[in-house]
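Let me begin by presenting the structure, written as structure tokens, before commenting on it.
The values are calculated or read from the model by the stated rules, or taken from the named source; none is laboratory data. Only a predicted model underlies this, so the values are computations on that prediction, with no experimental measurement involved. Ideal geometry is used to build each Cβ from the backbone, glycine not excepted, and the neighbour counts take in all protein chains shown. Protein only, heavy atoms only, side chains kept; ligands, DNA and RNA dropped before computing areas. Shrake-Rupley method; radii C 1.70, N 1.55, O 1.52, S 1.80 Å.
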Amino acid sequence: MNKLYFGDNLEILREIDDEQVNLICTDPPFNSGRDYNAFIDDSLAQKKAFTDTWTWDIAAQDTRADIERRAHTNDTYKALEECLRGYDLVLRRSVSGSRGEMRAYLAFMGPRLAEMHRVLTQNGSIYLHCDPTASHYLKGIMDAIFGTDNFRREIIWNLNTASGYKSQVNGFIRGHDVILYYVKNTDTFVFNKIFQPHKPEYIKRFRKVDEHGRHYRDDRQNKTRQYLDQTRGVALTDVWSDIMSFQQNATSVELLGYPTQKPRLLYERMIKASSNEDDIVLDPFCGCGTTIDAAHTLHRQWMGIDITILALDPMRQRLKDRHGLEPSIDYEIEGYPTNMQEVRKFLKEGDKRKYHDFSNWAVTRLGLKPTRDIGDGGLDGVGYVMLWNPQLMKETDARIIAEVKTGRPTIAQVRAFSRVMDKNNSEVGIFITLGPISTGMRQEAESMGRFEHNRQSYPRLQFWQIDDAYFENPDIINKIVQLPIEWRIRPSQKSERHFAGQQAELLRG
């Protein structure tokens, strides 16, 4: 069952049969009006891992029309459609400004929540992580879809950012996120009560020690002894203040550099409370895989969905580092190419987003970081190679760039890339193609010259034609692309190893 999907989660959710999932824990994009950026290079524009802003456009209108069509034959969509019509009145049917953005966001989230409800088992639950910008709107939609009686709690996650936090904001500093907790059926839902350790002042009451070394206090009313080791602790409330956010602990060993990553302990808590071992946990917005990591740690099966292929590498590396899992052996991946046939199928529709996803995937195979999708100046990836500088008598960073061409490559494109190399002062350029490289293109590359390092000579402009040989043995890239042995892929933060049966340390200090 363990599976990762890459693509539109609405389409993928609709392919899942009814009542297949025991628990959904998810952290969708908030309608916060912010751009979450992953820094690519100090001298380049930032790459938007995803843009957390929304626009009332043709896509939003089409989604609303689809909801209305489904409402004629589906009670869940009927409830959703009625709820959104009510919000149309609240938001004055705006098509621009903050009201229009909210209408677009709700049109995006509505059908996804309807499908999440459908795939949940009768004993299933959902935890929807959001912030105060849209939580009250989302609660209205979830009340309509799940039913008001199936709302269990609004959990407040205290971000611990207000104390000592300096800000120029003229107002109260945001200090919490909201997690909406619903169940599918109030008669059958799973809930495992969670207890926290007693506070020191309570423990001090158990001053007496019996002949076996057990601490106790006298229960005068019942004339018995109350032993400390028989107390279960303090039942967890719906305000969670004991899990630090990464704003509070920016040096956590858990951080992977993913823009909206949340602490694993937060999701372990939800999974412990509302599922049992071997249950299936789903995260339709799985990002860098925190829910997936937490589910595997707690011996649950899991399914993760994300729209951006940029999430693949941190997620795959995390599963390998933490649990020793390998794709195609321990879990399946769908939605990104694993051979040339799938590459061609992936790119066949001419979808610009899919092209950018593929180019991002291709440059990251070389250890490069993607550039922004629009206005990237003719390059798709950038990185550095460490070269010895005889003038400075030390190693210095030399820039390496890449360009991806999925159509038939031409000599004009190679010449244009040569100019981009010169413009960006790049020591090395890698021209990535699917089609064959002509003799003229190779002659053009030779005219770009070579560079020297440790008495070895390397071509400045090189080619990588992606083929099935690469998919069969990815290490072959080190023979195709000739770079100094000192070529260093700047490593992403590794995840600490998880050992079954032990509680992994989550945060440093």
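General observations
- Subset of region 68-105 [in contact with a Phe, Trp or Tyr (Cβ under 6 Å, 6 or more places away or on another chain) and either assigned to a helix (DSSP H, G or I) or closer than 17 Å to ASN9 by Cα (or both)]: ARG70, ALA71, GLY100, GLU101, ARG103, ALA104, TYR105
- Residues in region 335-370 that are in contact with a strand residue (DSSP E or B) (Cβ under 9 Å, 6 or more places away or on another chain) and among the charged types (D, E, K, R) were compared, and the one that is most open to solvent (accessible area, probe 1.4 Å) is LYS369.
- Every residue from region 1-60 that is within 19 Å of THR133 (Cα to Cα), among the aromatic types (Phe, Trp, Tyr), part of a loop (DSSP other than H, G, I, E, B) and at pLDDT below 90: PHE30, TRP54
- Any hit, region 308-319, residues being more than 19 Å from GLY367 (Cβ to Cβ), part of a helix (DSSP H, G or I) and at pLDDT 95 or above: no
- Among the residues of region 441-473, those identified as more than 38 Å from the chain's Cα centre (by Cα) and hydroxyl-bearing (Ser, Thr, Tyr) are SER447, SER457.
- Extreme residue, surrounded by the most Cβ atoms within 10 Å (Cβ to Cβ), among residues of region 270-299 that are hydroxyl-bearing (Ser, Thr, Tyr) and assigned to a helix (DSSP H, G or I): THR291
- MET109 meets all of the listed conditions (1) over 20 Å from ILE67 (Cβ atoms); (2) touching a Pro at 6+ places or on another chain (Cβ under 9 Å) but one, namely (1).
- ALA412 closer than 15 Å to LEU366 by Cβ and among the hydrophobic types (A, V, I, L, M, F, W, C): no
- Leading residue by the ranking (nearest to THR237 (Cα to Cα)) among those in region 197-220 that are open to solvent by 50 Å² or more (accessible area, probe 1.4 Å) and among the acidic types (Asp, Glu): GLU201
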